[in-house]
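These notes are about the structure you will find just below.
What follows draws every value from the coordinates through simple rules; no lab data is involved. In this text the structure is predicted, and so the values were computed from the model without any measurement. Cβ sites come from the backbone with ideal geometry, for glycine too, and all protein chains shown count toward neighbours.
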Amino acid sequence: MDFEAFFATKLDGLHQEGRYRIFAELARRKGSFPSARRFAADRVSDVSVWCSNDYLGMGQNEKVLAAMHAALDECGAGAGGTRNISGTNHHHVVLERELADLHGKEAALVFTSGYVSNWATLSTLGANIPGVVIFSDAGNHASMIEGVRHSRAEKRIWKHNDVRDLDRQLSDFPRHVPKIVAFESVYSMDGDIAPIAEILAIAEKHGAMTYLDEVHAVGMYGARGGGIAEREGLMHRIDIIEGTLGKAFGVVGGYIAGTAKLVDFVRSFASGFIFTTALPPAVAAGAVASIRHLKASDIERMAHRAAVKKVRARLDAIGIPHMANPSHIVPVMVGDASKCKWISDILLDEHGIYVQPINYPTVPRKTERLRITPTPLHADADIDRLAGALSGLWSQCALARAVA
């Protein structure tokens, strides 16, 4: 087989569909977020980042940076091994205690990423619980899908956020059959929020374990940043809460929280935890500082909500279609991969505004979009610049459609 020709053909297909992904080469600027330096072939320029998952700018928070510097000076760069073989640092243990407290659980377990925490936990539960059936929301993240698939457990896909369909599918199995209902709180592309209370009621009716992914909600919602489940007073009814340290908390890593025995079971059997090097102690220390800060401070969350409200109002005023939802994610709907990339390229090259185009397979074809994530650190002038640039580009798209 001519492997190189095969690779070239597949890549050409992505180019032709307008789906080929080009990474923007950036250097985040300490103290200047959401500003960053962009490195292109012929120049270095300043850009304003509008698609970061550092939702609250905690990656720039002085408490977080100070904690990381101190841990780096104290412990050095890396953890030195897997958690089982010399890699469990005191900072990891403190972090897991903080996370358990955040979610009102007995224990927590830290992984190298949110993807790994989902994949490892769901695959471990599915592979080890005899006869378990996993009921996965149709909108679940790729990491959850891969975990379920890898487990080889029987699975059922229920319609997105449809509690009636979930109830119907659970009813196909006797109560004694072990079941896991896996879903998210905030869905990252549409920004919709699951009806958690209704889902829990159905799961409890059928004796199912519940697994809630809160990666786009932790730090963002609830009195202490525990997520949508905390905001709605439901954490105590959820068996496993999964989250990330790489979004609102501003560093990197993933985790689960649950009962001591459940967490110990995953710790003891999950290959994705056992056989990988632990997070650097400095990262764990930074995460602790971020979590503690957001447990006590609501300032960032309030400022964030104000910024989201301003962006939505400006888009409405200039007629830019964006998906209505109750979360902090603002999807500007384009509906064409090539146009989406064209708008993104012009925003970046001519206006210094970085919004990554989102296309298939991340979202279905014909729903391509610009996923805008305002932060508390975007000033009114930044919002004005974004709205003005989008307005002009949208007019050009409308004119091109009319001519065609």
> Using a simple spin-label model with points 7 Å from Cα along the Cα→Cβ vector, what separation in nm is obtained for residue 15 and residue 198?
Replying inline: 4.7 nm
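Sorting check: for 14-23, 57-66, which peptide has the highest mean count of neighbouring beta carbons within 10 Å, and how do the rest follow?
Numbers: 14-23: 12.2, 57-66: 18.9.
So the peptides 14-23, 57-66, ranked by packing, come out 57-66, 14-23.
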> Quick one: net charge of residue 324's neighbours, Cβ under 14 Å, K/R +1, D/E -1?
Replying inline: 0
>> Could you compute the net charge surrounding residue 54? Neighbours are other residues with a C-beta less than 12 Å from the C-beta of residue 54; K and R count +1, D and E count -1.
In response: +1
>> Just want the answer: with Cβ charges of +1 for Lys and Arg and -1 for Asp and Glu, which residue in 388, 293, 257 is farthest toward the dipole's positive end in the range 245-404?
In response: 257
>> Using a Förster radius of 22 Å, what is the FRET efficiency between residue 26 and residue 73 based on their Cβ-Cβ separation? Nearest 0.05, please.
In response: 0.20
> Roughly how many nanometres apart are two label points built 7 Å out from the Cα toward the Cβ at residue 395 and residue 296?
Replying inline: 5.0 nm
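How big is the dipole moment of the chain about its Cα centre under a simple scheme where the beta carbon of each Lys and Arg is +1, that of each Asp and Glu is -1, and everything else is neutral? Debye, nearest 20, please.
Values: 45 positive and 45 negative charges, 60 e Å.
The dipole of the chain has a size of about 280 debye.
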> Pairing the Cα long axis of helix 62-75 with the longest principal axis of the chain, what angle in degrees results, from 0 to 90 and rounded to the nearest 10?
Replying inline: 60 degrees
>> Considering all projection directions equally, how large on average is the shadow of the alpha-carbon convex hull of the range 77-183, in square nanometres?
In response: 8.4 nm²
>> Once you place label points 7 Å from the Cα toward the Cβ at residue 317 and residue 171, how far apart are they in nm?
In response: 5.0 nm
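Find the all-direction average of the projected area of the Cα convex hull for the chain, expressing the result in square nanometres with one decimal place. Working shown, then result.
Values: hull surface 90.2 nm².
Taking the Cα atoms of the chain, their convex hull projects to 22.5 nm² on average.
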> Once both axes come from the Cα atoms, what is the angle between helix 196-205 and the longest principal axis of the chain, in degrees from 0 to 90, rounded to 10?
Replying inline: 30 degrees
> What share of all Cα pairs of the range 11-86, in percent, falls into each consecutive 10 Å distance bin?
Replying inline: 14, 27, 30, 21, 8, 0
> Regarding the range 286-347, what are the three Cα extents along the principal axes, ordered largest first, in Å?
Replying inline: 43, 26, 19
>> Students often get this wrong: which residues of the range 39-71 have the backbone nitrogen under 13 Å from the point 7 angstrom along Cα-to-C-beta of residue 90?
In response: 71
> What's the long-distance tail for the range 254-324, i.e. % of Cα pairs beyond 19 Å?
Replying inline: 64 percent
> Quick one: helix 380-403 against the long Cα principal axis of the chain, what's the angle to the nearest 10°, folded into 0 to 90?
Replying inline: 70 degrees
> In whole Å, how far is the Cα centre of the range 50-116 from that of the range 271-297?
Replying inline: 1 Å
>> Let's test the formula: R0 of 41 Å, r as the Cβ-Cβ distance of residue 40 and residue 1. What FRET efficiency results, to the nearest 0.05?
In response: 0.70
> Net charge near residue 27, counting Lys/Arg +1 and Asp/Glu -1 over other residues with Cβ under 11 Å of its Cβ?
Replying inline: +3
